[in-house]
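One structure below.
The values are calculated or read from the model by the stated rules, or taken from the named source; none is laboratory data. As the structure is a prediction and not an experimental result, all values here were calculated from the model. Reconstructed Cβ throughout: ideal geometry from the backbone, glycine too, with neighbour counts over all protein chains shown.
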Amino acid sequence: MHTPDEILCACSLDALEAFVRTLEPLYTVVIARYPTLATTMICAEDSVEGQPFYLGEALVTETALVLDGQTGYGICLGDEPVRSYCIAFIDAALLLGGDRVAPIQAFVEVQGAFLEEARRIEHAQIQRTKVDFKLMEQD
C-alpha cells in the first residue's frame, strides 16, 4: 500500500491540480516560497552491514505556502512546480484539520486505488514474460 505522500507524488497531475483548484476558494493562500528547484541527497542502507550511505543527488521541486495561517510544504522529484504547489496546499489543509479534510482523504484513497490497480496490471504483465524452467526441462 502507498503512503499519502507517495500517492500525491505519483498520481495523475491533471487530477491533482483539478482537485486543488476546487479547494483553493475555501482558503486564503499566501505563497511563502514559490516552486524552486533544488537537489537533495538520496540515502540508502548497505544490505550487508546495515550502514547508511548516499547514492547521490536527486533534483527536486520545493514549495512552501501558508493556508489560513497554517504552513504547508511540498516536495517532489523532478521539475514539477505544479505538483509541489499542490502537495504543499494539501499538506497545509490536512494540518488545519476540520470538516474540509474528508474530501482530501477521499481523493487520496481514490488515487491510491488507481495507483494500486496500475501496479497490479504491471505486475501481471511482468509475470507473463517470466520463463518457467521446470516446463522447459520436461521436453
Exercise for review: Taking the options Ala118, Ala124, Ala88, name whichever one is within 14 Å of Leu8 (Cα to Cα) and part of a helix (DSSP H, G or I).
Suggested key: Ala88
Point to revise | Qualifying residue in the stretch 113-136 (condition: surrounded by fewer than 16 Cβ atoms within 10 Å (Cβ to Cβ), more than 16 Å from Leu23 (Cα to Cα) and modelled with pLDDT of 95 or more) | key: no
Review point. Restricting attention to the stretch 11-39, and to residues there that are in contact with a Pro (Cβ under 9 Å, 6 or more places away or on another chain) and more than 21 Å from Glu116 (Cα to Cα), which single residue is surrounded by the fewest Cβ atoms within 10 Å (Cβ to Cβ)?
Key: Thr22
Review point. Can you name every residue in the stretch 94-130 that is under 23 Å from Leu67 (Cβ atoms) and in contact with a helix residue (DSSP H, G or I) (Cβ under 9 Å, 6 or more places away or on another chain)?
Key: Leu94, Arg100, Val101, Pro103, Ile104, Gln105, Phe107, Val108, Glu109, Val110, Gln111, Gly112
**Study point:** Failed condition for Ala64, given (1) in contact with a helix residue (DSSP H, G or I) (Cβ under 7 Å, 6 or more places away or on another chain); (2) surrounded by fewer than 16 Cβ atoms within 10 Å (Cβ to Cβ); (3) without any contact (Cβ under 8 Å) to a residue 60 or more places away in the chain; (4) of a type in the set (Gly, Ala, Ser)
**Key:** (2)
